[in-house]
Amino acid sequence: MKRQPNVSSDGSLSPASVWLEGLAPTGRRSMLSLLALSAAILQKHATVSSLDWSALRYADVAAVRAALSGQGYAITTINMTLAALKGVAQTAFNLGQMDAESLARIRSVKGLRGERAPAGRALSRDEIRLLMDAAKQHAHKSRQKRDHAILLTLCGAGLRAGELVALNRQDYDIPTRTLTVRQGKGRKHRSIVVSPAVGKALASWLKISDSNRFLFCRIHRSGNITGLPLTPSGLTGILRHLQITAQVSTFTPHDLRRTFITRLLEQGADINIVRQLAGHSDISTTAIYDRRSALSLSRVSSSVRF
């Protein structure tokens, strides 16, 4: 992503750019997008780099909230935008570009409340089996083994898409079945001992993979394995192909992470242990990923007989 300059047109530090630079790369792009949206609302044709963020006031933040609400944006998006604006305001204050009263007024702008359907879903065991069967239908054994290992690693270790594509071969220890995530959210490392089934799939893939660096890499249509790493979009494409072949409902890579957390909780795992395995800082975040009720309701409703 192209970085925003840290200096405004008048030579002073830009609060927005300084705040963005302090974010992890994984979150910077989305927050930049929300600030760009806010800038366009506050001033016609304004951009993140051209807007004078030190002049931000309570009325401006309230106006952004009202505009986004009126345009039908999701509550989560609106509240994330408010958080971004408050972060920029705090940075402006820290830089000596905003007074304490203006900051306090901006921070008093309340987010929107309301019930909404939880994002994403957990896949059923039947769906996972169908996806694994779909992986076996590839014409080339290299893709069979790679896609099978990817599917089981996502479901059996709960990795984020960015974490999976960043894995190197040295991050997985075959004898101990230990997977080390070094590129976790918030730059946090964590280790996961995967199940024998996941370990077997990874070992089978690594036996034929000729990549000396990346755990998962791209494969040509000819079936030849390259030394190039997967990308998040490439991973999404792989899972999309499996979903179409298996004829299961649409899902995202993150839904497999939800599946991992839901399965552990179904099996009675302590939620704090699940939190650590998932790489969450707050246990309340882990609870959001719990889809046990939705799966139970689905099983019950599908069993009704007439």
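The values are calculated or read from the model by the stated rules, or taken from the named source; none is laboratory data. Owing to the predicted nature of the structure, the values given are computational and were not obtained by experimental measurement. Glycine gets a Cβ as well: all are built from the backbone with ideal geometry, and neighbour counts include every protein chain shown.
Which of the residues belonging to the range 84-103 are part of a loop (DSSP other than H, G, I, E, B) and among the charged types (D, E, K, R)? Step through it out loud before you land on a result.
So in the range 84-103, the residues part of a loop (DSSP other than H, G, I, E, B) come out as 95-99.
Matches in the range 84-103: 99 only.
Can you name the condition, by its number, that residue 238 falls short on among (1) over 15 Å from residue 158 (Cα atoms); (2) more than 20 Å from the chain's Cα centre (by Cα)?
(2)
Residues are listed down the side, and each one gets a yes or a no for (1) touching a helix residue (DSSP H, G or I) at 6+ places or on another chain (Cβ under 6 Å); (2) closer than 30 Å to residue 230 by Cβ; (3) surrounded by fewer than 19 Cβ atoms within 10 Å (Cβ to Cβ); (4) among the acidic types (Asp, Glu):
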site: 72; (1), (2), (3), (4): no, no, yes, no
site: 78; (1), (2), (3), (4): yes, no, no, no
site: 85; (1), (2), (3), (4): yes, no, no, no
site: 101; (1), (2), (3), (4): no, no, yes, yes
site: 112; (1), (2), (3), (4): yes, no, yes, no
site: 123; (1), (2), (3), (4): yes, yes, no, no
site: 150; (1), (2), (3), (4): no, yes, no, no
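This table checks each residue for (1) touching a Cys at 6+ places or on another chain (Cβ under 6 Å); (2) of a type in the set (Phe, Trp, Tyr); (3) assigned to a helix (DSSP H, G or I); (4) closer than 20 Å to residue 27 by Cβ.
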residue	(1), (2), (3), (4)
51	no, no, no, no
62	no, no, yes, no
72	no, no, no, no
79	no, no, yes, yes
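Given the options 84, 149, name the one that is closer than 20 Å to residue 285 by Cα, of a type outside the set (Asp, Glu) and touching a residue at least 12 places away in the same chain (Cβ under 8 Å).
That would be 84, the only listed residue that is closer than 20 Å to residue 285 by Cα, of a type outside the set (Asp, Glu) and touching a residue at least 12 places away in the same chain (Cβ under 8 Å).
Quick test for you: out of 234, 223, 227, pick the one residue that is on the phi > 0 side of the Ramachandran plot and at pLDDT below 95.
223
Which is modelled with pLDDT of 90 or more, out of contact with any strand residue (DSSP E or B) (no Cβ under 7 Å at 6 or more places or on another chain), of a type in the set (D, E, K, R) and crowded, with 18+ Cβ neighbours inside 10 Å, of 107, 65?
Numbers: 107 fails: crowded, with 18+ Cβ neighbours inside 10 Å.
Sole residue among the options that is modelled with pLDDT of 90 or more, out of contact with any strand residue (DSSP E or B) (no Cβ under 7 Å at 6 or more places or on another chain), of a type in the set (D, E, K, R) and crowded, with 18+ Cβ neighbours inside 10 Å: 65.
Considering every residue within the range 13-23, establish whether at least one is part of a strand (DSSP E or B) and either touching a strand residue (DSSP E or B) at 6+ places or on another chain (Cβ under 7 Å) or buried (at least 17 other Cβ atoms within 10 Å of the Cβ) (or both).
yes
Give the residue, chosen from 90, 71, 97, that is more than 30 Å from residue 264 (Cβ to Cβ), in contact with a strand residue (DSSP E or B) (Cβ under 9 Å, 6 or more places away or on another chain) and either touching a residue at least 12 places away in the same chain (Cβ under 8 Å) or assigned by TED's automatic domain parsing to the domain that holds residue 34 (or both). Don't jump to the end; show me each part of the working.
Values: 90 fails: in contact with a strand residue (DSSP E or B) (Cβ under 9 Å, 6 or more places away or on another chain); 71 fails: in contact with a strand residue (DSSP E or B) (Cβ under 9 Å, 6 or more places away or on another chain).
When all the criteria are applied, what remains is 97.
Condition test on residue 137, is it out of contact with any Asp or Glu (no Cβ under 9 Å at 6 or more places or on another chain), within 28 Å of residue 247 (Cα to Cα) and either surrounded by 21 or more Cβ atoms within 10 Å (Cβ to Cβ) or at pLDDT 95 or above (or both)?
When the stated conditions are applied, residue 137 does not pass them.
Residue 134 - would you say it is within 20 Å of residue 232 (Cα to Cα) and part of a helix (DSSP H, G or I)?
no
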